[in-house]
1. Counting only Cα, what are the radius of gyration and maximum Cα-Cα distance Dmax of the protein assembly as shown, in Å?
2. If you build the convex hull over the alpha carbons only and average its shadow over all orientations, what do you get for region A:31-111? Give it in nm² to one decimal.
3. With only Lys, Arg, Asp and Glu charged, each at its Cβ (+1 for the first two, -1 for the last two), find how big the charge dipole of the protein assembly as shown is about the Cα centre; round to the nearest 20 debye.
4. Over 10 Å intervals from 0, what percent of Cα-Cα pairs in chain A sits in each interval?
5. Please list, by residue number, everything in region A:15-49 whose backbone N is under 13 Å from a paramagnetic label point 7 Å out along Cα→Cβ of B:Phe109.
6. For chain B, what is the calculated [θ] at 222 nm in deg cm²/dmol (nearest 500), taking -39500 (n - 2.57) for each run of four or more DSSP H residues and dividing by its residue count?
7. Direction-averaged shadow area of the convex hull around the Cα atoms of region B:2-123, nm²?
8. At 222 nm, what helix-only mean residue ellipticity would chain A give, in deg cm²/dmol to the nearest 500, using -39500 (n - 2.57) for each DSSP H run of four or more?
Amino acid sequence: MLDNKGHPNRLGVWGWLGGGTWGLERYLYTLHRLTGLGLLLYFLLHIVVTSARAFGPEAWAASMGRVSGGVFVLGEFLVFAAFAFHASNGVRLILVELGFAIGNPIEPIYPYRTSVHEQRPLALGILVLAGLVLAAGGYNFLAHLSH
Amino acid sequence: MRDQRLWTWHVLAGLVILVFLGLHMTIMHLDIIFGFFNPGDAKPIDWVSVVGRARMGFFTVSYVVLLGAALFHGLYGLRNILFELGPARGVKSALNVVLTVGGVGLFVFGAWAAWTAGVLARSL
Ligand code: HEM
């Protein structure tokens, strides 16, 4: 994390929530952040809830009973959706940060092209991937509900 | 320098999570499609399935690896987000302490649970 070197972060939280007129990737950034925080919140509770298995079958059943049905099924699906997106977009970020899929440096000749043009197919690709994972998960959730 | 190193670990942890959380999600939430590691008709969270996995050393190890990687990745990510809002130096130090102590505490607790569940499962 870089220090802001004395320049205040004037936009605060709004700066990372709003994408303004920036492109698709900027909205993916906001979504990556929200899904990351959502997964973290779930994960911290998940560590505590699933630790019940160390105390035997009754403790496990009681613990699972406390978090089953209704709103928890929806919550679980949202966690799965957050995973599908965060994992796919995370792979995109790692590729881009390592310098893959951003194109080669070119002369700045009008009309200018930015590396965003080169990156866009990757962004669309990971959205398709996340959609496929989500569809598989959605099918699985619905199949359980109808049992 | 220190932050660059921690960020590198953050990204590497992301890759480790990708592998082990991918497996975990496949087992728990794509069970009807793939049916991995769930005996018979049991649901992935039924006690028989939990015990079946807990008996395998592979799962004890992979849970502890996933626990450590996800705690570091998630809490370091949270630290980045909070530091970006430009808190005072004292607040930053306090956050470092809280996140480190909280993370290590949860790691020890979660690793203990994974280990104890393995011992319990093998004794049944
Ligand atoms: C499924 C595998 C995962 C991959 C591949 C992955 C990858 C990434 C990457 C590449 C970043 C951005 C790093 C950067 O560019 O600075 C990131 C940020 C983050 N991740 Fe993950 N991640 C994964 C799972 C998780 C999980 C399970 C959690 C929660 C425990 C999580 C929480 C976060 C948080 C809070 C951030 C910070 C977001 C931000 O700074 O805007 N991630 N992840």
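1. For the protein assembly as shown, the Cα-based Rg and Dmax read 20.9, 73 Å.
2. Taking the Cα atoms of region A:31-111, their convex hull projects to 8.3 nm² on average.
3. Values: 18 positive and 12 negative charges, 108 e Å.
About 520 debye.
4. So the P(r) values, bin by bin, are 9, 26, 30, 20, 11, 4, 1, 0.
5. A:43-49
6. Working: 5 runs with 104 residues, N = 124.
Rounded to the nearest 500, the figure is -29000 deg cm²/dmol.
7. Here the figure is 8.8 nm², rounded to one decimal.
8. Value at 222 nm, helices only: -23500 deg cm²/dmol.
Every number in this text was worked out from the coordinates using simple rules, so none of it is lab data. Since the model is a prediction, treat every value here as computed from it, not as a measurement. Positions of Cβ are backbone-derived with ideal geometry, glycine not excepted, and every protein chain shown enters the neighbour counts.
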